[in-house]
1. I'm trying to understand the selection: among the residues of the stretch 152-164, which are out of contact with any helix residue (DSSP H, G or I) (no Cβ under 8 Å at 6 or more places or on another chain) and at negative phi?
2. Quick one: would you say Gly98 is under 15 Å from the mean Cα position of the chain (by Cα) and not assigned by TED's automatic domain parsing to the domain that holds Phe197?
3. Which one of these is more than 30 Å from Phe65 (Cα to Cα), in contact with a Leu (Cβ under 8 Å, 6 or more places away or on another chain), aromatic (Phe, Trp, Tyr) and crowded, with 16+ Cβ neighbours inside 10 Å: Phe196, Phe202, Phe169?
4. Test Leu231 against the stated conditions and say whether it is of a type outside the set (Ser, Thr, Tyr), part of a helix (DSSP H, G or I) and under 21 Å from the mean Cα position of the chain (by Cα).
5. So, in the stretch 237-277, exactly how many residues are over 26 Å from Ser165 (Cα atoms) and assigned by TED's automatic domain parsing to the domain that holds Ala96?
6. If you scan the stretch 279-306, which residues turn out to be touching a residue at least 24 places away in the same chain (Cβ under 8 Å), of a type outside the set (Asp, Glu) and surrounded by fewer than 20 Cβ atoms within 10 Å (Cβ to Cβ)?
7. Read through the list (1) touching a residue at least 40 places away in the same chain (Cβ under 8 Å); (2) closer than 29 Å to Glu151 by Cα; (3) surrounded by fewer than 22 Cβ atoms within 10 Å (Cβ to Cβ); (4) of a type outside the set (S, T, N, Q), then give the number of the only condition that Gly225 fails.
8. For a quick check of your reading: which strands (runs of 3 or more DSSP E) sit entirely within the stretch 240-302 and have at least 1 residues that are of a type in the set (D, E, K, R)?
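The values are calculated or read from the model by the stated rules, or taken from the named source; none is laboratory data. Remember, predicted model here, so these are calculated numbers, not experimental data. FYI the Cβ positions are ideal-geometry reconstructions off the backbone, even for glycines, and counts take in every protein chain you see.
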Amino acid sequence: MPRPKYVWLAALVIAGVLAVAVILGQISPHEQKSGVELQKLVIVVNPGVSTKVSVAEAQELEQFFEEEIGLDVEIYYPLSAAALVEALKFGHAHVALGPGALVSALALREAEVEMLLVEYREVIIDNKPVVAPFYYSYFIVLKDSPYVALEELKGKKICFPSETSVSGFIMPMKLLADKGYITPNGEPPSKLAEQFFGEVVFGGGYAQCWEALKKGKVDVTVMAGDVAASLYWEAMNNSRVLRLRDGSEAVAGPNPAHTVLIRRDLPPELKEEVKAALLKLNERPELMRKYVSAIFVKFGERSAEEHLRPLMDALDQLKLRDYYLRR
């Protein structure tokens, strides 16, 4: 049985191998390094979209890329983040659209890829819609809750969306560490959270955690500024953001937005063509909103170091880099 700190990693590897075999098994890796001309560009999309969009439906986006690049393009929706990383690692895919910050960090470490662009999305910051490559998350309680300060939630029950959520878990945990509520010591994530909270639940998403809070099943949860606007406003209009000791709100972040990754071994001219095509989508954001990211506004350029620094700093501070990222 794997050691506890590697449970998530072991599951990631197994799921990735299986998912790649099922979804991308018919795609042969292209030998760019040996000089063989690339005949087909394979794009994989953020797994979170797979339940909403089918490969057949994405033909409109495929056609756009084919017209812009002059190459046959195929788009796939892996069933998991592991499948996306493995597809890039073994050359089954050449480009990844919309992977989150943690998946991007893992792919940059495991696969021969580089970060090409980042998404600027319509998010909510300070209760105002803005276009940005980052967003924030908030510790909230119901409006009629007796709790006002975050420190009052010690020993109480919390719902986090997911152990692998950057905005829903990792960055909020960094806030707890920053304020001295927890002391990172190499423990697995759930154990680290239990240094402060009495019971930790991973609900499977922001909507599920909000429902748990509304029904009184938990005392506190986290809400993020990149969820659907309807969910955000329902939650924030019926809750209060907890306060810190200095009176400021318990706000975590900045949380890096989604990215675009591309294999390093693609011909330089093809990389530029892909980049140009993606930037042209800034004129047709509806294609990205329909097939990749519902809150997409435009692509922009940021270095991987700059964009992912908040996440990497959090993982280091929490002593969880080994847990989430392979070495």
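1. Glu152, Leu153, Lys154, Lys156, Lys157
2. Yes; evaluated as a whole, the condition is true for this residue.
3. Sole residue among the options that is more than 30 Å from Phe65 (Cα to Cα), in contact with a Leu (Cβ under 8 Å, 6 or more places away or on another chain), aromatic (Phe, Trp, Tyr) and crowded, with 16+ Cβ neighbours inside 10 Å: Phe196.
4. Considered against the rule, which asks whether it is of a type outside the set (Ser, Thr, Tyr), part of a helix (DSSP H, G or I) and under 21 Å from the mean Cα position of the chain (by Cα), Leu231 comes out as yes.
5. Total meeting the criteria: 14.
6. Result: Leu279, Lys280, Arg284, Leu287, Lys290, Ala294, Val297, Lys298, Gly300, Arg302, Ser303, Ala304.
7. Failed condition: (3).
8. Ranges flagged: 259-263, 296-300.
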